[in-house]
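> Okay, handing you the structure first.
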Amino acid sequence: MTEILILGAGIAGIRAAKVLAKQNLDATITVVNQNDYHYETTSLAGVAAGTAKVEQIMLPLPASLPKGVQFIKATVTKINREAHTVELEDHADLHFDYLIVALGIKSEDYGIKGAKEFGMPIVSVDTAVALKDHIEKTMANYNTSKDPNDLHVVVCGAWWSAFEFLGELAEHLPVLAKKYNLPLDQMKIDCIEAKDKILPMYSDKLTGYIKATLKKKGANLHLGMSIDEVKADRVISGDKVFMANTIVLTTGLSGSQVISDSGFENRRNRMVVQSDVSIKEDKNIFMVGDVATVMQPGKSWPFANTGQLAMEMGTAAAKNIAADLTGNQRLDFEFKDLGSVLGLGKRTGAAAVFGNIELRGYPASVMKVLIYDRSLLEEGTVSTVMKHGRFNFLRI
Ligand SMILES: Cc1cc2nc3c(=O)[nH]c(=O)nc-3n(C[C@H](O)[C@H](O)[C@H](O)COP(=O)(O)OP(=O)(O)OC[C@H]3O[C@@H](n4cnc5c(N)ncnc54)[C@H](O)[C@@H]3O)c2cc1C
């Protein structure tokens, strides 16, 4: 029987498993994931800020996988391309005929001194919960320390997750102030970014709205300031020093370390895929989601790695494996980018969707909630949506 192995049960891996399971192939389908749960990466910022409950964004495994798909809870350490085997921590090696690699991301510090040591990333359930706990503990500590830095948060890097985190945290500060009897007017959030321009896929008008919204909420953006060093209680940029006892690292993301450790040719642990989303070294190995780079047709830059791209790639890899096994032709992957929606807190956001439609404020936040609920439906069932879904737009 053909052995199909899927590494990672994130957005791309789950989608691939679902599509494959529907094909009734003469094959075993096995998903390997380091945790016995799937999580909605797109909601990690809310967990890190303290506005979303972690249980809400976690779906149990293997319960969320389709019938007939096997599950192994283990950490992947290496892929042996020529032997067609995968090495796991505390588990025997696995053989595959077809492999879908969907191992997601790790935090990237771009070599900034002290960033890895003192900056807290938002890349998984564990890191998001660690950050939430750190913020709460540090802020509560102000009552005994009277150290103003206990009330300051500095975010390094202004990319997607940073904006979502800033919007959520700004909304959560009054809650913390009330809970621990803290001076709200002394609580401060700064975000430092080397580039002058934020979110290049958005128009100046939309980024202007994002900046103004965050400013109004009390999050200060400092653009055009590259970070020289991060220390336990400060971020240094030229002659400017931002003091804080919570430092968040959102400078960037790269693909899973397993890609480099397996000796694959890559850039920041991401591999450029062929038109059928396999890799050029082996047509039976597919890279999908955040470990892949998909070039935009006719352009010299790739599509941004998003949940939508991950889902579509998972589908494409699964369908192309099914095509091989049923004697059909593989199809080229064509990505129709529907746009993106940025949450800036519970009831506001910014979006550029369906080509040239821009949404701001409440309509964008409703769209974000609807996308989240739809994604849950894709990864689970109607009851998953009822249990883990968000309906906060109904309460406005
Ligand atoms: C904080 C944050 C906010 C985001 N917000 C948005 C958004 O609003 N909209 C949007 O479209 N995109 C957003 N993205 C990007 C989007 O979430 C990703 O592009 C998408 O999750 C990629 O899917 P994936 O399946 O490739 O990886 P993931 O969803 O990250 O899944 C990877 C899976 O592999 C598992 N894994 C990792 N390493 C190992 C290992 N060694 N062994 C076994 N298992 C392993 C992980 O536990 C995880 O289950 C955001 C990303 C982050 C980090």
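> Using the structure shown, select from K113/K346; K18/K280; K195/K299; K283/K336; K113/K299; K73/K336 the pairs with a Cα to Cα distance greater than 28 angstrom.
In this structure, K113/K346; K113/K299; K73/K336 lie more than 28 Å apart at Cα.
> Now, a different point. G114's amide H: which non-local residues (gap 5+, or another chain) put their own amide H closer than 5 Å, with H modeled 1.01 Å from N in plane and none for Pro or chain starts?
Here V230 satisfy the definition.
> By how many nm would the segment from D185 to A323 grow when fully extended, if each residue of separation counts as 0.36 nm and the alpha-carbon distance is taken off?
43.6 nm
> Taking every DSSP beta bridge with both residues inside the chain, roughly what % is antiparallel (nearest 5)?
Expressed as a percentage, antiparallel bridges in the chain total about 50.
> So who's got an amide H within less than 5 Å of the one on V294, skipping anything under 5 residues away but keeping other chains? H placed 1.01 Å off N, in plane.
Result for V294 returns F303.
> Quick check: net charge around E193, other residues with Cβ under 15 Å of its Cβ, Lys/Arg +1 and Asp/Glu -1?
Net charge in that neighbourhood comes out at -1.
> Give me the number: length gained by fully extending K387 to E117, i.e. 0.36 nm times residue separation minus the C-alpha to C-alpha distance, one decimal in nm.
93.5 nm
> First measure r as the distance between the Cβ atoms of S260 and D196, then evaluate 1/(1 + (r/R0)^6) with R0 = 22 Å and state the FRET efficiency to the nearest 0.05.
Working: r = 31 Å, r/R0 = 1.42.
About 0.10, to the nearest 0.05.
> Name the longest site-free stretch of the chain, where the excluded sites are chymotrypsin sites (Phe, Trp or Tyr not before Pro) in a DSSP loop with no more than 11 other beta-carbon atoms within 10 Å.
1-353
> Whole angstrom only: what separates the Cα centroid of the range 342-364 from the Cα centroid of the range 86-113?
Comparing the Cα centres of the range 342-364 and the range 86-113, I get a distance of 34 Å.
> Given the Cα-Cα distance of N80 and K215 and 0.36 nm per residue of separation, how much length would full extension add, in nm? Don't skip to the answer; put the middle values down first.
Details: separation 135, 0.36 × 135 = 48.60 nm, distance 4.93 nm.
The N80-K215 span can extend by a further 43.7 nm.
> Can you give me the Cα centroid spacing of the range 126-146 and the range 1-76 in angstrom?
The two parts, judged by their Cα centres, are 31 Å apart.
> Connecting C-alpha atoms closer than 10 Å in a GNM of the chain, tell me which of T246, T213, T326 has the biggest fluctuation.
T326
> Nearest 10 degrees is fine. How inclined is helix 307-325 to the longest principal axis of the chain, computing both from alpha carbons?
Around 10 degrees separate the two axes.
> Now, a different point. Sticking with the crude label model, points 7 Å out along Cα→Cβ, report the distance from R374 to W301 in nm, one decimal please.
A separation of 2.5 nm, rounded to one decimal place.
> Would you mind checking the tilt of helix 362-379 against the longest principal axis of the Cα atoms of the chain, expressed as 0 to 90 degrees and rounded to 10?
30 degrees
> What angle do you read, to the nearest 10 degrees and between 0 and 90, between the alpha-carbon axis of helix 204-217 and the longest principal axis of the chain?
Helix 204-217 sits at roughly 50 degrees to that axis.
> Moving to a separate point now. What percent do you get for the relative contact order of the chain when only Cα pairs under 8 Å and 6+ apart count?
Working: 832 pairs, mean separation 70.9, N = 396.
Relative contact order, the chain: 18 percent.
Every read-out reported here was derived from the displayed coordinates using simple, explicitly stated rules and does not represent laboratory data. On a predicted model such as this, the values are computed, not experimentally measured, just so you know. Cβ sites come from the backbone with ideal geometry, for glycine too, and all protein chains shown count toward neighbours.
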